[in-house]
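*Asks:* Encoded as structure tokens, here's the structure I'll be asking about.
The values are calculated or read from the model by the stated rules, or taken from the named source; none is laboratory data. Just so you know, these numbers come straight off a predicted model, no measurement behind them. Neighbour counts run over all protein chains shown; Cβ positions are idealised from the backbone, glycine included. Only protein heavy atoms, including side chains, enter the accessible area calculation; ligands, DNA and RNA are left aside. Shrake-Rupley method; radii C 1.70, N 1.55, O 1.52, S 1.80 Å.
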Amino acid sequence: MKVRSIRLGNLPLKNNIFLAPMAGFTDYSFRYAVKDFGYGLCFTELVSSKGLFFGGEKTKELLKTFPGEQVAAQIFGSDPFYMRKACESEDLSQFKIVDINMGCPVPKVFKNGDGSALLSDIKKAEGIVKECVKSGKIITVKIRTGLKEGDDFSTDFCKMAEGAGAKLVTIHGRVRDNYYSGEPDFASIERAKKAVQIPIVANGGIFTVKDADEMMEKTGADGVMLARGAIKNPFLIQELLGLPKTENLPHFALRHLAILKEEKGTSRAAVEFRKFINSYFSDFSGVKSVRARLMKCNTAEEIESIIRTL
Ligand SMILES: Cc1cc2nc3c(=O)[nH]c(=O)nc-3n(C[C@H](O)[C@H](O)[C@H](O)COP(=O)(O)O)c2cc1C
């Protein structure tokens, strides 16, 4: 794919390859592990605007960053007051960029009118973007193409976001009903891209360099956002940039686990690392026979000793 720099208003980013927000995955430890792989921008996991307003330890943990990290905080909520207050909160003071989640399909979020539920009310969504922009942060928005099969909301939402002062929109090319399955709606992204001046980043189903090329060609988007593709193969970022792979998968996994252990201690690291074992080693030959043992480990050291045998 064509790698180039991208601007969020006055803020230039190094390139147009983004690492998606993913609850439970793109935490501090994962982002730290891939920090030198070269992406242009990454995102925290989604954080509740009300949680930020009322203050909570869990919220603070989700917002941990490291010096020099090019990262946006992603917030969710549907009340313009709390959304703006969240942008202005002390906990977000280290973030220049705040991304508004308008795509989360999870029932718990949707039922509250948050995440993808905002796609059903463009006026409300506009009010939120406008209030957040008043905070002085660089505001970006992440949407889906609609709620149900046949919907095509991308153009209207991108125009709305641009008019309300957002500096970039990421479009996950699927409707809410389809969660994470099916081919992305390339045409919906393409139409939206043509309708606005702000950069449009395309997301959905990018697992290989070929997928990224196809996404860029079919949509004309300004960049791509990698999600499950990056937690299955973190080196995909380097592959897209045409950089040599700097380590092998077991080495990367060990390094990631060490970061987690240092941050959270050996037992919690072992539990939290299980989901990454599933994603990193889903296609790795030789893991099948040890997977069950890996998933039962209670300390990081036990996991380390098994990974060293791979
Ligand atoms: C486990 C998981 C957690 C996710 N969490 C978030 C999130 O916190 N915020 C968000 O905007 N999208 C979230 N997403 C959606 C991804 O950012 C992305 O839009 C989606 O996975 C489509 O891209 P893909 O097909 O390349 O995986 C999540 C997806 C997954 C699989």
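*Asks:* Collect the residues in region 1-37 that are touching a helix residue (DSSP H, G or I) at 6+ places or on another chain (Cβ under 8 Å), assigned to a loop (DSSP other than H, G, I, E, B) and away from the ligand (no atom under 16 Å from the Cβ), keeping them in residue-number order.
*Replies:* Within region 1-37, Lys2, Val3, Asn15, Phe37 meet the criteria.
*Asks:* Within region 165-202, take every residue that is farther than 11 Å from Asp222 by Cα and polar (S, T, N, Q) and give me the one that is farthest from the ligand (Cβ to nearest atom).
*Replies:* Checked region 165-202; the qualifying residue farthest from the ligand (Cβ to nearest atom) is Ser188.
*Asks:* Right, here's the next one. Applying the selection to region 105-115, what residues are buried (at least 23 other Cβ atoms within 10 Å of the Cβ) and in contact with a helix residue (DSSP H, G or I) (Cβ under 6 Å, 6 or more places away or on another chain)? It would help to see each step written out before you state the result.
*Replies:* Quick first cut of region 105-115, residues buried (at least 23 other Cβ atoms within 10 Å of the Cβ) only: 114-115.
Listed by number, the list holds a single entry, Gly115.
*Asks:* May I pose another question? Cβ-Cβ under 9 Å, sequence separation 6+ or interchain: first residue in region 19-44 and farther than 13 Å from Asp99 by Cβ and among the acidic types (Asp, Glu), partner within 14 Å of the ligand (Cβ to nearest atom) and not in a loop (DSSP other than H, G, I, E, B). Which pairs?
*Replies:* Pairs found: Asp27/Thr44; Asp27/Glu45; Asp27/Leu62; Asp27/Glu272.
This table checks each residue for (1) open to solvent by 50 Å² or more (accessible area, probe 1.4 Å); (2) at pLDDT 95 or above; (3) closer than 30 Å to Asp91 by Cα; (4) assigned to a helix (DSSP H, G or I).
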{"site": "Leu118", "(1), (2), (3), (4)": "no, yes, yes, yes"}
{"site": "Ala125", "(1), (2), (3), (4)": "no, yes, yes, yes"}
{"site": "Glu131", "(1), (2), (3), (4)": "no, yes, yes, yes"}
{"site": "Gly136", "(1), (2), (3), (4)": "yes, yes, yes, no"}
{"site": "Arg144", "(1), (2), (3), (4)": "no, yes, yes, no"}
{"site": "Phe157", "(1), (2), (3), (4)": "no, yes, yes, yes"}
{"site": "Ile189", "(1), (2), (3), (4)": "no, yes, no, yes"}
{"site": "Ala202", "(1), (2), (3), (4)": "no, yes, yes, no"}
{"site": "Asp211", "(1), (2), (3), (4)": "no, yes, no, yes"}
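This table checks each residue for (1) among the aromatic types (Phe, Trp, Tyr); (2) farther than 20 Å from Lys35 by Cβ.
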site	(1), (2)
His256	no, no
Glu262	no, no
Ser267	no, yes
Arg274	no, yes
Tyr280	yes, no
Leu294	no, yes
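*Asks:* Within region 270-310, take every residue that is of a type in the set (D, E, K, R) and closer than 15 Å to His251 by Cβ and give me the one that is surrounded by the most Cβ atoms within 10 Å (Cβ to Cβ).
*Replies:* Only one residue fits best here, namely Glu304.
*Asks:* Determine whether Glu214 is within 15 Å of the ligand (Cβ to nearest atom) and of a type in the set (Asp, Glu).
*Replies:* yes
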